[in-house]
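K.L.:
I'd like to ask you about the structure that follows.
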Amino acid sequence: MHICYLDESGSYSRNANTPYFILLGLSIPAAAWRAKDAEVARILDAHNLFGEVHTAWMVRSYPEQDRIKGFAALSPSDRQAAVEKERKADLAKAALKGKVAVTTLARNYKKTARYTHLTHAERVAILRALADKIGGWQDAVLFGDAQQKSAHPPAVSDAVIMDYAFEQVVTRFHTFLNRATVDLGMLVQDQNDTAAVRLTQLARRYHAKGTRYSAVSRLVETPLFVDSKLTSMVQLADLCSYAVRRFFEKNETDLFDRVYPRFDRLGGRLVGLRHFTGRQRCNCRVCKDHGRP
């Protein structure tokens, strides 16, 4: 059995400030999970990092760290204490602007609290090490759909953008299972209360009638939704989906180049990653490798 861990980057809502929506699956043999999970744990343990690895929050700069003199030379516990002191002061200043300002700042600080003992350079180094680890797993396969949201006609609803991406990833994963003669595959996805019911219904429809492109007889169950804080492989799928989005939105290649070789290929041609631009022509690396006319 292969387990395909799904996560997304960006929002499928057109009102969100991300021009792209990425859905990505990281597939590994079930029998290899324990060894791979241990490899990830060793990287994180070496940096006293526990809990969720959330790439988008780790790559941010934390201005309060820059204000602390000699921050890099401090011990991890002293760094954390110094950042907490700065953040308390920031929250006190935000209170002068009103409740909304405090709520927003407090939410951001909560998201990054587990990373404050690490410098920005250290956080990026961890993500690079994880990306290199994925890139080196010869038995791991990536499947992704990169949706340029503006390329969809106005009549296409936001939810359908997610549907399209899900169908693409499921179909590509199942096509790989057929080609590799892997008996069974399972989908495990980051908990998404908004999309869980819809994706479960889609999966049930696929089981009954197949996708528009193929049957899915090798898939078992509907997607299992899990808390990403407790599942390292979903966190790695998050890293890969972030890398793909930043490649298309900002032409950032650092993380992308490290994981790109793991996208499914057939006879040297890229088949595991689609770049959707509607009727717009595109000559990016992904479209060229895909053989898109």
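Bear in mind these aren't lab numbers, they're just calculated from the coordinates by the rules spelled out. These figures come from a predicted structure and were not determined experimentally. Methodologically, a virtual Cβ is constructed for each residue, glycine included, from the backbone with ideal geometry; neighbour enumeration extends over all protein chains shown.
K.L.:
For A129 and R265, what is the calculated FRET efficiency with R₀ set at 22 Å and r taken between the beta-carbons, to the nearest 0.05?
P.N.:
Numbers: r = 24 Å, r/R0 = 1.11.
Once the sixth-power term is evaluated, E becomes 0.35.
K.L.:
For the range 60-129, compute the orientation-averaged projected area of the C-alpha convex hull (one quarter of its surface), in nm². Write out the running numbers ahead of the final one.
P.N.:
Values: hull surface 18.9 nm².
Mean projected area of the Cα convex hull: 4.7 nm².
K.L.:
Compute the helix-to-body angle for 99-112: its Cα long axis versus the longest principal axis of the chain, expressed 0 to 90° and rounded to tens.
P.N.:
Once rounded, one gets 70 degrees.
K.L.:
Next question, about the same structure. Can you tell me what share of the DSSP beta bridges in the chain is antiparallel? A percent to the nearest 5 is fine. Walk me through the intermediate numbers first.
P.N.:
Values: 18 of 32 bridges.
Antiparallel bridges: around 55 percent, rounded to the nearest 5.
K.L.:
Now for a different question. If packing is taken as the mean number of other Cβ atoms within 10 Å per residue, what is the order of 68-75, 200-207, highest first? Walk me through the intermediate numbers first.
P.N.:
Details: 68-75: 11.8, 200-207: 15.2.
Most protected by this proxy first, the peptides run 200-207, 68-75.
K.L.:
Would you calculate the convex hull of the Cα atoms in the range 1-85 and tell me its volume per residue in Å³?
P.N.:
Details: hull volume 11.1 nm³, N = 85.
Dividing the Cα hull volume of the range 1-85 by its residue count gives 131 Å³.
K.L.:
When a/c reaches 1.5 or more, the comparison of a/b and b/c decides; with that in mind, is the range 178-275 rounded, prolate or oblate per its Cα gyration tensor?
P.N.:
Details: a/c = 1.91, a/b = 1.26, b/c = 1.51.
In terms of gyration-tensor shape, oblate.
K.L.:
Ok, one more. Checking the a/c ratio against 1.5 first, then a/b against b/c, what shape does the Cα gyration tensor give for the range 1-154? Before the final figure, lay out each step's value.
P.N.:
Details: a/c = 2.75, a/b = 1.28, b/c = 2.14.
Because a/c hits 1.5 or more and a/b fails to exceed b/c, the range 1-154 counts as oblate.
K.L.:
Sorted by mean Cβ packing within 10 Å, highest first, what order do the peptides 179-186, 125-132, 24-31 take? List each step's numbers first, then the result.
P.N.:
On the way: 179-186: 14.2, 125-132: 17.9, 24-31: 22.2.
So the peptides 179-186, 125-132, 24-31, ranked by packing, come out 24-31, 125-132, 179-186.
K.L.:
Can I ask one more? Compute the angle between helix 158-179 and the longest alpha-carbon principal axis of the chain, please, reported from 0 to 90 degrees and rounded to the nearest 10.
P.N.:
60
K.L.:
Once fully extended, how much extra length lies between A41 and T119, figured as 0.36 nm per residue of separation less the alpha-carbon to alpha-carbon distance? Write down the numbers at each step before the final one.
P.N.:
Details: separation 78, 0.36 × 78 = 28.08 nm, distance 1.95 nm.
Between A41 and T119, full extension yields 26.1 nm more.
K.L.:
Return the subset of K88/K111; K99/K149; K93/K229 for which the Cα-Cα distance in this structure is over 23 Å, preserving the input order. Walk me through the numbers on the way to the answer.
P.N.:
Values: K88/K111 15 Å; K99/K149 33 Å; K93/K229 31 Å.
Distance filter (> 23 Å) returns K99/K149; K93/K229.
K.L.:
Can you tell me the relative contact order of the chain? Whole percent, Cα pairs under 8 Å, sequence separation 6 or more.
P.N.:
Values: 432 pairs, mean separation 90.0, N = 293.
Worked out over the chain, it gives 31 percent.
K.L.:
Further question: Can you give the helix-only mean residue ellipticity at 222 nm for the chain, where every DSSP H stretch with n ≥ 4 adds -39500 (n - 2.57) and the sum goes over all residues, rounded to the nearest 500 deg cm²/dmol? Walk me through the numbers before you get to the answer.
P.N.:
On the way: 11 runs with 139 residues, N = 293.
Mean residue ellipticity at 222 nm (helix-derived): -15000 deg cm²/dmol.
K.L.:
Classify the chain: rounded, prolate or oblate, from the alpha-carbon gyration tensor (a ≥ b ≥ c, eigenvalue square roots; a/c under 1.5 rounded; otherwise prolate if a/b is larger than b/c)? Can you show the working numbers first?
P.N.:
Details: a/c = 1.89, a/b = 1.57, b/c = 1.21.
Prolate.
K.L.:
Now for a different question. For the pair A73 and R198, what calculated FRET efficiency results from E = 1/(1 + (r/R0)^6), where r is the Cβ-Cβ distance and R0 = 51 Å, to the nearest 0.05? Mind showing how you got there, number by number?
P.N.:
Values: r = 50 Å, r/R0 = 0.98.
Once rounded, the FRET efficiency stands at 0.55.
K.L.:
Taking R0 as 41 Å, what FRET efficiency do you get between K288 and D158 from their Cβ-Cβ distance, rounded to the nearest 0.05?
P.N.:
On the way: r = 29 Å, r/R0 = 0.72.
With R0 = 41 Å, the Cβ-Cβ based efficiency is 0.90.
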